[in-house]
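Undergrad: I'd like to ask some things about the structure below.
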Amino acid sequence: MSERLEIIASLICDGRGSADVGTDHGYLPVMLCRRGYNGALIASDINSGPLEAARITAREAGFDSRISFVLCDGLSGVDPKAIDTIVIAGMGGDTITGILDRDYWCASPEFGLIMQPMSRQNVLRYWLINNEFMIDREMLVRDGGTIYQVFTAKLGKSPKYSDAELYTGRFDDICGDELFPDYLDLLIQKFTRSVAGMEAADAVPCRLGLEKRVLDELQRMKERL
């Protein structure tokens with residue numbers, strides 16, 4: 001099982017129920033069954049193919065009667081009364097944002113969010129902190145040679161984030177992670193290339209200015225480690 005799913009599973013506490021949105025092959029709910037999770041388990045996906053693959057995974061593991069399979073877009077077919085934990089992993093941050101925005105019932109203190117965005121982490125963080133969510137835990141995990149971000153959020157007042165922290169997570173929350181120096185170096189390399197490319201292309205000044213500001217903040221983070 002992937003390190004990403006191991007980390008996500010470790011963050012799910014026994015409770016009323018958990019929804020794995022975009023379940024793909026259904027590995028996460030099966031893992032929770034094996035770990036003795038007692039709440040309801042919902043595996044949802046927008047496509048019938050992955051949902052059928054999840055059914056097969058659960059059937060082969062002997063847990064097909066333990067998991068509910070829902071064909072729906074995001075959370076649209078998930079019963080809020082059945083769950084208290086929402087997992088959305090393996091999608092772009094903008095896609096996750098769209099899911100949360102369409103089904104805003106998740107903006108309640110009774111729900112906890114666990115997210116693992118594959119890209120546009122800054123978009124997701126920006127949406128969360130501007131929609132009355134507080135990111136309360138930041139983690140990094142290396143899986144297959146790639147470093148991924150995993151973070152949890154709940155309804156609450158959020159502290160301010162710098163432009164760079166929208167990409168990294170709040171420095172004070174993530175700086176102690178053993179993978180953070182490596183991840184920070186990757187971001188510095190990315191923004192260095194981006195700034196150079198934008199300067200060569202004579203990019204719009206405001207956009208170039210933002211990229212330079214993020215790069216400067218990332219470099220200052222590195223100096224603080």
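The values are calculated or read from the model by the stated rules, or taken from the named source; none is laboratory data. Only a predicted model underlies this, so the values are computations on that prediction, with no experimental measurement involved. A quick note on method: Cβ atoms are made from the backbone with ideal geometry, for glycine too, and the neighbour counts reach across all protein chains shown.
Undergrad: Could you pull out the residue among Ile174, Ile147 that is within 14 Å of the chain's Cα centre (by Cα), surrounded by 14 or more Cβ atoms within 10 Å (Cβ to Cβ) and either free of Cβ contacts under 8 Å to residues at least 12 places away in the same chain or closer than 20 Å to Gly93 by Cα (or both)?
TA: The match here is Ile147.
Undergrad: In the range 115-225, which helices (runs of 4 or more DSSP H) lie fully inside it and hold 2 or more residues that are closer than 18 Å to Leu100 by Cα, in the same structural domain as Met91 (by TED's automatic domain parsing) and not hydrophobic (A, V, I, L, M, F, W, C)?
TA: 121-129
Undergrad: Criterion first (within 22 Å of Ser108 (Cβ to Cβ) and either among the aliphatic types (A, V, I, L, M) or touching a residue at least 24 places away in the same chain (Cβ under 8 Å) (or both)) does Ala58 satisfy it?
TA: No, not satisfied.
Undergrad: Can you spot a residue in the range 13-33 that is buried (at least 23 other Cβ atoms within 10 Å of the Cβ) and assigned to a loop (DSSP other than H, G, I, E, B)?
TA: Yes, the range 13-33 has at least one match.
Undergrad: Shifting gears a bit: Would you pick out the residues in the range 67-106 that are under 12 Å from Ser18 (Cα atoms) and of a type in the set (Lys, Arg)?
TA: Once the filter is applied, which keeps residues that are under 12 Å from Ser18 (Cα atoms) and of a type in the set (Lys, Arg), the range 67-106 yields only Lys81.
Undergrad: I need every pair where a residue in the range 23-49 that is touching a residue at least 60 places away in the same chain (Cβ under 8 Å) has its Cβ under 7 Å from the Cβ of a residue that is charged (D, E, K, R), sequence separation at least 6 or different chains.
TA: Matching pairs, first to second residue: Asp24/Asp45; Leu28/Asp20.
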